Structures are given as structure tokens and as C-alpha cells.
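Data first, discussion second: the structure below is written as C-alpha cells.
The values are calculated or read from the model by the stated rules, or taken from the named source; none is laboratory data. Quick caveat, the model's predicted, so the values are computed rather than measured. Here the Cβ positions follow ideal geometry from the backbone for every residue, glycine too, while neighbour counts run over all protein chains shown.
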Amino acid sequence: MYKKSYILIIILLTVVLLSSFVLILPHQYRPKPLLCGIRNGMGICYLNSVMQALFSSDRFNELLTKYSTSENEMIQSLIEIRALMCKGGTVNLLPVYQKMFNKADQEFNLSHKGGSPIFALEYIGKCMEKTIASDFFLAQENYEKTKEIQSDLSLYHRFLRFYPLLKGNVNEMLKNGLEKVIDKKSFIFPELLVVCLWNVHSYTDASHDRVVCNPEIIVFGKKYRLVGLIISVKSKKLRRRHAFAMGLRANRWYIFNDENIQMIRDKKCVFNNRFCSIALYDRV
């Protein structure tokens, strides 16, 4: 009787152990897509989001094509990343990012978890402007003239930032801010206008009372079209930041770099209702 019980216990323990291997090992050792900072610990989901937003810009893609033979290391890295992303599926871009930002020093910390997309954008712009025209993004001259409406002077000069944002939209902010402090004749129109927004509750929903990112904006009579959004959210449960991108491709909006988007939609993972959004506008 004792022997039978002993054998039964061994069998049960073996079944439990095998079940554990079946359930745990695939989860532990399966290939982890380097998409989301919540999972990989490196936080490079925000870098992927920056890339997908930039690659949604026709102006930016045209620029890469124009300088495809350039020896600019940043431009060559961007072209390489675009080619890898076009292949689809899970791509480990970390080695490319490490090469891309290996000379950043204190300007940009690649290993910082849940890093800021805006600092990545700034460093990319700074490196590209060693080769491209300095007015592709917001020109230095424009930045100097807009200091009184720039909410954060620590933000670098290639972008516009409005804070705090309670209500209104980008078009209104530009008319009430930018156009009141800069003379139209002296404004240098960027090819890609990057607007940094904070506390964005609605980024494309026109029925919402906090409409922020107009599909089209007008700056001194020149039209700009919304082509990309970088959205950052913070998980209450996991206490980590996560980023994903929305991009306009062939006149259709797509969501990029978000393996957890369905989880967010189903509210299985509760996020704060505060979005740090960066809107990218192409000059039409």
C-alpha cells in the first residue's frame, strides 16, 4: 500500500513538473518582440514609435531618398531601419539603435527605460542637419522668435511645444500663439512641423471636447497635413511607460508598434487618462 502511494505521488509530481515546463518555459524563453518597453525592459518601444511616425511622413521619406547616397551615418541608419521595418514581423532593431546612438553621450541615453521620444527626435534632427538643410524641421530663427510662447525652454529648437493644454486644437494654438508673435514675412516654413502636446485626451476624435490634432492645419496661409502621432501612456498596474505610433499611409491610418493595443482597448490593462502626444505635420 505504501509502495503504491509512493508511486502515485511520484507520478503526480512528475505531471505537475511537466505541466509547469509546458506552461512556463515557452513564456519565459519564447522570442520576445522588441516592441514594447513594458516587456523588454529597454524601453525601445518609444524609438520604434518615433521611427514609424517619421516614416509616415512623405516629406521625410523623400528626404531620405534624396540623401540616400550621403555618408551621413544617421541618414544611413534611418534608411536601414526603414528597410527592416518594411519587411514586417518581429525585428530586433536594438543593434541598429545602438550603432545609431553610440556617439550621443549625454545628449541621449538609449538605455533609459521609458525614454522620451522628443529627445530621440532632437538628436536625430541634429545629426541629420549636418547634411540636410536646417529648415527641414523648425529653423533656429523661428525658435528664437517663438520663445515667449514656448512653454518649456529646455526643449530644443526643432519643435513647438504648448503647455498646459486644457482645450482647443493645434490650429487655434498656432493662430493664437505663433501667428501673434512672428511676422509672416520672417517665418521660415519647415517641411515637417513637429508639435509637442501634453495631456492629450483625444487626438483624432472630432466629437470630443478636447480636440487637439487637426487633420489639417494652416500656418500663415500654408497648409500642413497630420501624418503621424506618437502616443505615450503610463500603466498604473505595471508602473511603466509605453509608447505606440499612429501613422497615415496611403490615406489610411494605422497603429504601429503596439502588441498591447487590444489589451488597452479591452481595458484589461488600465492606463492613466493622460497622453503625451507628439504630432507630425507634413507641409502640403
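State all residues of segment 72-101 that are of a type outside the set (A, V, I, L, M), closer than 12 Å to Ile124 by Cβ, part of a helix (DSSP H, G or I) and out of contact with any Lys or Arg (no Cβ under 9 Å at 6 or more places or on another chain); if no residue qualifies, say none. Spell out the reasoning first.
Going through segment 72-101, the residues of a type outside the set (A, V, I, L, M) turn out to be 72-73, 76-77, 80, 82, 86-90, 92, 95, 97-99, 101.
Subset that is closer than 12 Å to Ile124 by Cβ: 72-73, 77, 97, 101.
Pick out the ones that are also part of a helix (DSSP H, G or I) and you get 73, 77, 97.
Of everything in segment 72-101, just one residue is of a type outside the set (A, V, I, L, M), closer than 12 Å to Ile124 by Cβ, part of a helix (DSSP H, G or I) and out of contact with any Lys or Arg (no Cβ under 9 Å at 6 or more places or on another chain), namely Tyr97.
Condition check: within 28 Å of Ala133 (Cα to Cα), at pLDDT 70 or above and part of a loop (DSSP other than H, G, I, E, B). Does Ile217 satisfy that? Working first, answer last.
Values: within 28 Å of Ala133 (Cα to Cα): yes; at pLDDT 70 or above: yes; part of a loop (DSSP other than H, G, I, E, B): no.
Answer is no for this residue.
May I ask you to list the residues in segment 160-202 that are exposed (fewer than 13 other Cβ atoms within 10 Å of the Cβ), of a type outside the set (S, T, N, Q) and at pLDDT 70 or above?
Matches in segment 160-202: Asp183, Lys184, Lys185.
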